[in-house]
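The structure appears right after this line, and notes come after that.
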Amino acid sequence: MEKPEIDFNIEKIRKDFPVLLTKENGKPITYFDNGATTQKPLKVIERISDYYKSENANVHRGVYKLSSRATDSYEQARETVQKFINAESTAEIIFTRGTTESINLAAEILCRSGKLKEGDEIIVSEMEHHSNIVPWQITCTGKKITLKVLPFDENGELKINELENLISEKTALISVVHVSNTLGTINDVKSVIEIAKKHNILTLIDGAQAVSHVKVDVQNLGCDFYAFSGHKVFGPTGIGVLYGRKDLLEELPPYQGGGEMIDQVTFEKSTFNELPYKFEAGTPNISGALGLGAAIEYFTALDFDKMKAHEDELTSFGLEGFSNFKNVKVLGHAENRAPIFSFVVDGVHHYDIGTLLDTKNIDVRTGHHCTQPTMRHFNVSGTTRISLAFYNTKEELKNFFEQFDKILKMLK
């Protein structure tokens, strides 16, 4: 029996995103690269423009009205983020340039504080983005810390049952991805965090891909840190968030020195500002924060259950479509997954597929997707990846598979 169509007004939603209405050579584009960055609704674009048109002033400490308005808007954006991930306090929301800087910030302050020290161990997973591997490697080099790896199985699911065996009395931190940008796997990070807590181990969750596909509740998860980027959740580039538990952040030293993060400065000694400003040195990305706030407001105004049902339908339709191609392999078949598909074709280079799809106005990503260990697990150099968002449609997928079939026949 055919499933009823999900009651989700895609046509109306798509009109909110200017890029989705543009055309190349007179034909509409199909944007399937949401894992790299999402498109921005008009509300976000207008909010950034409005700031520069009528509110442009530096935030905090300004006594004049324009600065006060900018400060109020900036802090309102912080409150919007706090509610979005259900942090307990705005003091736990640190604005950064993105997930990468958030993880680097956490690594640096944990080292400076001695929370990570020589001889310690850090556990990451085999499916991590390079941004959740390299910062810890740099940290480990300076501190002689051992990096351990939690593997995943052929379905692309973490072997969480092996985590206890990796943990030792030296394990100080577990840092794992919430949703894989390559496999689409939605990891059971709450179970990972619960195991870590049992052993008094700190946790960091890379939520870059998760925030646009799942409901994030940091209090329910119980993690110590959670990182994500604005541009992955329909906001602008250059703005991101590091959530940290307030009591933990209060113990940790600043990340960078400069304006805003100080309380008192003399040539002999400086004291530091309260949270979260202690970790936000210099003039912040004000317009980026306002754009992120507008993006989250737009996203949370959608009916999440209907959106999730629509994305699940896209995921099922995509997997079914790929199953019709004998020489095509999709990496990972996790039971709980987002609509992200990385695939390889026997005898065909992923770059060729991406280039030819571009001639059909279908935008995809090719390469290793900053997950080279994942590529090595499957013994491939790279893949073609399509990553979908709630504004994508079954019609777009149907067209993709039709064009993909023609391309494969031509290449063969």
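The values are calculated or read from the model by the stated rules, or taken from the named source; none is laboratory data. In this text, all values refer to a predicted model and were calculated from it rather than measured experimentally. Cβ coordinates were reconstructed from backbone atoms using ideal geometry, including for glycine residues, and neighbour counts include every protein chain displayed.
Looking across the range 226-259 at every residue that is among the aliphatic types (A, V, I, L, M) and assigned to a loop (DSSP other than H, G, I, E, B), the one that is nearest to the chain's Cα centre (by Cα) is identified as 239.
State the number of residues belonging to the range 180-212 that are in contact with a strand residue (DSSP E or B) (Cβ under 6 Å, 6 or more places away or on another chain) and either assigned to a helix (DSSP H, G or I) or closer than 21 Å to residue 152 by Cβ (or both). Within the range 180-212, residues that are in contact with a strand residue (DSSP E or B) (Cβ under 6 Å, 6 or more places away or on another chain) and either assigned to a helix (DSSP H, G or I) or closer than 21 Å to residue 152 by Cβ (or both) number 18.
Using beta carbons and a limit of 9 Å, which pairs, at least six apart or on different chains, have the first residue in the range 148-159 and loosely packed, with under 15 Cβ neighbours inside 10 Å and the second one assigned to a strand (DSSP E or B) and of a type in the set (Phe, Trp, Tyr)? Close Cβ pairs satisfying both conditions: 159/152. Checking the condition closer than 22 Å to residue 334 by Cα and either assigned by TED's automatic domain parsing to the domain that holds residue 343 or not in a loop (DSSP other than H, G, I, E, B) (or both), which residue from 164, 154 passes? Testing whether each residue is closer than 22 Å to residue 334 by Cα and either assigned by TED's automatic domain parsing to the domain that holds residue 343 or not in a loop (DSSP other than H, G, I, E, B) (or both) leaves just 164. The single residue among 406, 394 that is surrounded by fewer than 18 Cβ atoms within 10 Å (Cβ to Cβ), in contact with a helix residue (DSSP H, G or I) (Cβ under 8 Å, 6 or more places away or on another chain) and more than 16 Å from residue 343 (Cα to Cα) turns out to be 394. Within the range 225-273, the set of residues being crowded, with 24+ Cβ neighbours inside 10 Å, of a type outside the set (A, V, I, L, M) and farther than 16 Å from residue 293 by Cβ comprises 225, 226, 244. Within the set 59, 44, 81, 63, the sole residue that is over 26 Å from the mean Cα position of the chain (by Cα) and within 20 Å of residue 240 (Cβ to Cβ) turns out to be 59.
As for the range 251-264, it holds at least one residue that is at pLDDT 90 or above, more than 25 Å from residue 86 (Cβ to Cβ) and assigned by TED's automatic domain parsing to the domain that holds residue 209.
Residue 17 meets each of the listed conditions (1) among the aromatic types (Phe, Trp, Tyr); (2) assigned by TED's automatic domain parsing to the domain that holds residue 280; (3) more than 17 Å from the chain's Cα centre (by Cα) apart from (2).
Being charged (D, E, K, R), farther than 25 Å from residue 179 by Cβ and surrounded by fewer than 22 Cβ atoms within 10 Å (Cβ to Cβ): is that true of residue 126 here? Here the answer is no, as residue 126 does not meet what is asked.
Each row is one residue, and each column tells you yes or no for (1) without any contact (Cβ under 8 Å) to a residue 40 or more places away in the chain; (2) assigned by TED's automatic domain parsing to the domain that holds residue 31; (3) not basic (Lys, Arg).
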| site | (1), (2), (3) |
| --- | --- |
| 331 | no, yes, yes |
| 345 | no, yes, yes |
| 350 | yes, yes, yes |
| 365 | no, yes, no |
| 369 | no, yes, yes |
| 374 | no, yes, yes |
| 392 | no, yes, yes |
